[in-house]
1. Which parts of the range 56-88 would a label at Glu23 reach, counting a residue when its backbone N lies under 20 Å from a point 7 Å out along Cα-to-Cβ?
2. Mind ordering 150-157, 42-49 by average Cβ neighbours within 10 Å, highest first?
3. At a threshold of 8 angstrom on Cα-Cα distance, excluding pairs fewer than six apart, so keeping six or more, what relative contact order does the range 3-214 reach in percent?
4. Considering amide H positions built from the backbone, and no H for Pro or chain starts, which residues 5 or more places from Lys85, or on another chain, come under 5 Å of its amide H?
5. Please give the helix 8-27 orientation as an angle from the longest Cα principal axis of the chain, in degrees from 0 to 90, rounded to the nearest 10.
6. Could you tell me what fraction of 2.2 N^0.38 Å the Cα radius of gyration of the chain comes to, as a two-decimal ratio?
7. At a Förster radius of 22 Å, what calculated FRET efficiency corresponds to the Cβ-Cβ distance of Lys85 and Asp10, to the nearest 0.05?
8. Just to confirm the filter: which GluC sites (Glu not before Pro) across the range 130-180 are DSSP coil and have at most 10 other Cβ within 10 angstrom of their Cβ?
Amino acid sequence: MSFEQIALEDKQRALLELREVKELFASRGWFPGTSGNLSIRVGDYQPNDFQFAITASGKDKTVHTPEDYLFVDQHGKPCEQTSLKPSAETLIHCEIYRLTGAGAIFHVHTVWNNVISEYFWDQKSVPVDGVELIKGFNIWDEEAHIDIPIVSNFAHIPSIIPEVTERIQKHIPGILLRKHGIYAWGANAFEAKRHLEAFEFIFEYVYRWELLKRSGQR
Ligand SMILES: CSCCC(=O)C(=O)COP(=O)(O)O
Ligand SMILES: [Zn+2]
């Protein structure tokens, strides 16, 4: 499907949703120092043919400007002539869309997601047992155990991709980059937001619980 064939309403919806999510996450302090990036897919999807709106690179995501977003294709190339640069991490979004067919991907840097990624780095995943918010991922078993994957972080973004490709799990809608941040996704913006919020809750809970166990209070 060409970019021109995608309905204008679909493109406008994506931009509006990005603006709302960006404002909400900014109010939570989830974009420190211009970090983070958000994307929402538009039009039809095939693993090798899709388009999405994404935040422009290096912007202060706590403010709104007319130059906050642009549309790119499955290779991360702008769909229209623009002076804007897509997020430096666009290729990670491309790969997650390619593998999952998700409708939205949100990436934030928080202290909790950074701390937990380092704490469990030797295991390469964060183990989570029986926490109610796992239901946020549509996993309904009270005793469920999940392992949230952690992958290596590199300044050279293409070097991050192979591990993302290898470690993405079908039933876990997120992946941690070591000492960098979380990528969470969903079928649409509502679901991706729910997943991201569940991850952030779980990271704080698991780390605090680990500390209590270590200190001998539990
Ligand atoms: C300033 S944080 C380093 C880059 C980063 O990790 C990030 O999430 C923001 O990069 P972008 O190009 O999307 O602004
Ligand atoms: Zn980042």
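Please treat every number below as a calculation from the coordinates, not as lab data. Treat the numbers as computed from the prediction; the structure is a model and nothing was measured. Note that each Cβ is placed from the backbone with ideal geometry, even for glycine, and that neighbours are counted across all protein chains shown.
1. Residues passing the 20 Å test: 56, 59-70.
2. Details: 150-157: 15.6, 42-49: 13.9.
In decreasing order of mean packing, 150-157, 42-49 become 150-157, 42-49.
3. Values: 379 pairs, mean separation 39.4, N = 212.
Relative contact order here is 19 percent.
4. Here Ser57 satisfy the definition.
5. So the helix axis and the longest Cα principal axis differ by about 40 degrees.
6. Working: Rg = 17.2 Å, N = 218, 2.2 N^0.38 = 17.0 Å.
Relative to the rule-of-thumb radius for its length, the chain sits at 1.01.
7. Working: r = 23 Å, r/R0 = 1.06.
The computed FRET efficiency comes out at 0.40.
8. Working: sites: Glu132, Glu142, Glu143, Glu163, Glu166; in loops: Glu142, Glu143.
Taking the range 130-180 and a limit of 10 other Cβ atoms within 10 Å, the loop GluC sites (Glu not before Pro) found are Glu142, Glu143.
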